[in-house]
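Structure record follows, encoded as structure tokens.
The values are calculated or read from the model by the stated rules, or taken from the named source; none is laboratory data. The structure presented is a predicted model; accordingly, all values stated were derived computationally and were not measured. Cβ atoms come from the backbone with ideal geometry, glycine included; neighbour counts cover every protein chain shown.
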Amino acid sequence: MKKLRIAQIAPLFESVPPKKYGGTERVVSNLTEGLIAEGHDVTLFASGDSTTSARLIAPVSESLRLGRKTRSAIIMHMLMLAKVYEDMEGQFDVIHSHLEYLTLPYASRSSTPTVLTMHGRLDTPDYARILRRYATMAYVSISDAQRQPVPDINWARTIYHGYPEELFTFNPCPEDYFLYLGRLSEEKRPDQAIMMARACKIPLKIAAKIDPADKAYFTKRIKPLLDSPYIEFVGEVDDLRKSELLRNAKGLLNTIDWPEPFGLVMIEAMACGTPVIVRRCGSSPEVITHGRSGFICDSRQEFIRAIRTIDTISRLGCRQEFERRFTQKHMISNYEKLYYELIAMASGKKRHTSTAHPGEIAA
């Protein structure tokens, strides 16, 4: 197959890959490096503190969250999109944007096909309105559950995220603690993870980021619960520390209470052989196989039962489930197929338009 000229457009809030927390940017990094390994010519549009094998075009020198300068996020992303679609028009075979709705006015007027991977939740009326206005664009969902609020647009594929197989080390012999990993935000319900750990009298390590918007929630709801010999608050961690915590944990307590579109932390845990205990909502029934890679729970009692029976889950089985479904190779292969399909469709439309007779409207 012809090797492609591909533009990958990443959010500017975090570097690619992120220094600490940042799911979307981590996916963009895995995708970019995997495509380059397959021989494609990839240009990455991202912050200047990104690390990549691709040609890097950076509208800002530092990521917006950790950078020293205060910038308008919307303006900087619009300038980046203008660079891709206006200044560099015709230089790519396919454009892959991870900026979601901001991309739509640019992409809808471009002759170069655009893939739009939706990374966030879609269950708000305003989000549904903007997507339906551009319903024929090529959208990728990261789980089938993510599509449910807006089923009536052009969903080209569901493509699950993937990691390089060697990135996480399998550990068959964990230490005696459970792990909560993610953000300390209300919809992720870390308070429930803490309360269940205290009720079961099990050690729980909390490795989590606190966004400015979540500081009041942390102070009011989480901080009072940390005063327990069973709870260790680790804080936000980098990739090395995260991998260490995951592979040594007996289980991942993922007490989310919102329709999470995917949940990278679940496949990160599986790659280490660590079972996942998660609430039945959002993508969790698609990602976790109940009884094989973890437990899917509907109640507090089921969470507690899962904690107490975590040793019945095979850690090798968790790793094998990751290798079967969530590797970088799987993700790259699925995106490649989609790129070639969209390019062929765009080429067919151009041929059809160019052969239309004068006065004839091409379909």
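General observations
- First in the range 145-169 and farther than 23 Å from ARG26 by Cα, second anywhere and among the acidic types (Asp, Glu), Cβ under 6 Å, 6 or more apart: PRO149/ASP123
- Subset of the range 284-309 (residues that are of a type in the set (A, V, I, L, M) and farther than 30 Å from THR158 by Cα): ILE304, ILE307
- Considering only residues in the range 257-266 that are closer than 18 Å to MET118 by Cβ and touching a residue at least 40 places away in the same chain (Cβ under 8 Å), the one that is surrounded by the most Cβ atoms within 10 Å (Cβ to Cβ) turns out to be GLU260.
- Within the range 1-28, considering residues that are surrounded by fewer than 24 Cβ atoms within 10 Å (Cβ to Cβ) and of a type in the set (Gly, Ala, Ser), the one farthest from LEU342 (Cα to Cα): GLY22
Yes/no per residue for (1) modelled with pLDDT under 95; (2) touching a helix residue (DSSP H, G or I) at 6+ places or on another chain (Cβ under 7 Å); (3) over 24 Å from PRO113 (Cα atoms):
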site	(1), (2), (3)
GLY23	yes, yes, yes
ALA54	no, yes, no
THR70	yes, no, yes
ASP87	no, no, no
VAL94	no, yes, no
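- Residues within the range 78-96 that are assigned to a helix (DSSP H, G or I) and either surrounded by 23 or more Cβ atoms within 10 Å (Cβ to Cβ) or without any contact (Cβ under 8 Å) to a residue 60 or more places away in the chain (or both), tallied: 9
- Any pair with Cβ under 9 angstrom, 6 or more apart, that starts in the range 287-310 at a residue that is touching a residue at least 12 places away in the same chain (Cβ under 8 Å) and closer than 18 Å to ARG324 by Cα and ends at one that is assigned to a loop (DSSP other than H, G, I, E, B) and of a type in the set (S, T, N, Q): VAL287/SER143; VAL287/SER293; ARG292/SER314; GLY294/THR274
- Note on the range 1-68: enclosed strands (runs of 3 or more DSSP E) holding 1 or more residues that are small (Gly, Ala, Ser) are 5-9.
- Where helices (runs of 4 or more DSSP H) sit wholly within the range 97-180, those with at least 2 residues that are under 24 Å from ALA82 (Cβ atoms) and touching a strand residue (DSSP E or B) at 6+ places or on another chain (Cβ under 9 Å) occupy 104-107.
- The residues in the range 199-241 that are of a type outside the set (Asp, Glu) and part of a helix (DSSP H, G or I) can be counted, and the count is 18.
- Per-region count, the range 29-45, residues among the hydroxyl-bearing types (Ser, Thr, Tyr) and over 16 Å from LEU338 (Cα atoms): 2
- The condition (being of a type outside the set (S, T, N, Q), at pLDDT 95 or above and farther than 20 Å from ALA249 by Cβ) is satisfied by just one residue among GLU286, GLU302, GLU268: GLU286.
- Residues in the range 242-280 that are part of a loop (DSSP other than H, G, I, E, B), under 15 Å from the mean Cα position of the chain (by Cα) and on the phi < 0 side of the Ramachandran plot: PRO259, GLU260, PRO261, PHE262.
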